[in-house]
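Enquirer: Encoded as structure tokens, here's the structure I'll be asking about.
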């Protein structure tokens, strides 16, 4: 049984879920699932809203989640791609230069392939 004050929220979520299913909107379904998993699910009338153990458990889960996110941020900041992306001041110029360099490499490789093909045909 859903608590009276949360019946409207539960109804809205069911409507959203049905619409998402009809529209084959996987992103919306996942967003609703995330809401439910993060504690926004309709609480049952039998649940105690002030259950201290439940609150402590939820706080611990959130702390663990925060620590995992902080670790992930630290790992991302240590990656070369991140350091490069944050060190480049003029990103447009950098990517333009990279495009030119890659185009030159591609052209060189295409010429080498043509030379090898000609050598094989002359054989």
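Enquirer: For the condition part of a helix (DSSP H, G or I), outside the structural domain of residue 10 (by TED's automatic domain parsing), over 25 Å from the mean Cα position of the chain (by Cα) and free of Cβ contacts under 8 Å to residues at least 60 places away in the same chain, what is the one hit in 61, 99?
Expert: None of the other options fit; the residue is 99.
Enquirer: With respect to residue 66, is the statement that it is outside the structural domain of residue 15 (by TED's automatic domain parsing), modelled with pLDDT of 95 or more and within 30 Å of residue 12 (Cβ to Cβ) true?
Expert: yes
Enquirer: Something else: From the list 92, 104, exactly one residue is at pLDDT 85 or above and within 26 Å of the chain's Cα centre (by Cα). Which is it?
Expert: 92
Enquirer: Do the conditions hold for residue 86, that is, is it assigned to a helix (DSSP H, G or I), loosely packed, with under 10 Cβ neighbours inside 10 Å and out of contact with any helix residue (DSSP H, G or I) (no Cβ under 6 Å at 6 or more places or on another chain)?
Expert: yes
The values are calculated or read from the model by the stated rules, or taken from the named source; none is laboratory data. This structure is a prediction, so every number in the text was calculated from the model and none was measured. Neighbour counts are summed over all protein chains in view; Cβ atoms, including those assigned to glycine, are modelled from backbone coordinates with ideal geometry.
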